[in-house]
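One structure is given here, and the rest of the page talks about it.
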Amino acid sequence: MVDWVTIGKFAEETGLSKATVANHKDWPEGLVWIKLGGRVLISKSGWDAWLDSMAATIRKRKPQAKAKSIGNTPSLSPKPLNVNQPLEMLEE
């Protein structure tokens, strides 16, 4: 398997546009891309490793959503009547 491929081949294999791959300057040079003989070559294994590390970084920064518990939800229903309460107190 060939690891280093041209921009066109990498775009074809990944489904990324050639323009996106050609704008590789934000990708780490030497790991994801190199310039060899005037041509830019992209490393498929370097791309995978870099992409995995970026995804892990994003997952660490993203706060986890808390599940809502039904038991903690305030009730909108009126309080139940206390049958032991004197009638005078109910009129207040």
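Quick note: the coordinates plus some simple rules give every number you see, no bench work behind them. All values reported here derive from a predicted model rather than from experimental measurement. When we count neighbours, we look across all protein chains shown, and the Cβ atoms used for this are built from the backbone with ideal geometry, even at glycine.
Within the range 1-20, residues that are within 14 Å of SER43 (Cβ to Cβ) sit with their Cβ atoms under 8 Å from residues that are small (Gly, Ala, Ser) and in a helix (DSSP H, G or I), at 6+ positions apart or across chains, in these pairs: ASP3/SER45; ASP3/GLY46; ILE7/ALA22.
How many residues are in contact with a Leu (Cβ under 6 Å, 6 or more places away or on another chain) and in a strand (DSSP E or B) if we restrict to the range 1-47? Spell out the reasoning first.
Step one: of the range 1-47, the residues in contact with a Leu (Cβ under 6 Å, 6 or more places away or on another chain) are 4, 34, 46.
Restricting the remaining residues to those that are in a strand (DSSP E or B) gives 4, 34.
Residues that pass the stated criteria total 2.
Within the range 32-48, residues that are over 14 Å from GLY8 (Cβ atoms) have Cβ atoms under 8 Å from residues that are in a helix (DSSP H, G or I) and of a type in the set (Phe, Trp, Tyr) in these pairs: VAL32/TRP47; VAL32/TRP50; TRP47/PHE10, counting only partners at least 6 apart in sequence or on another chain.
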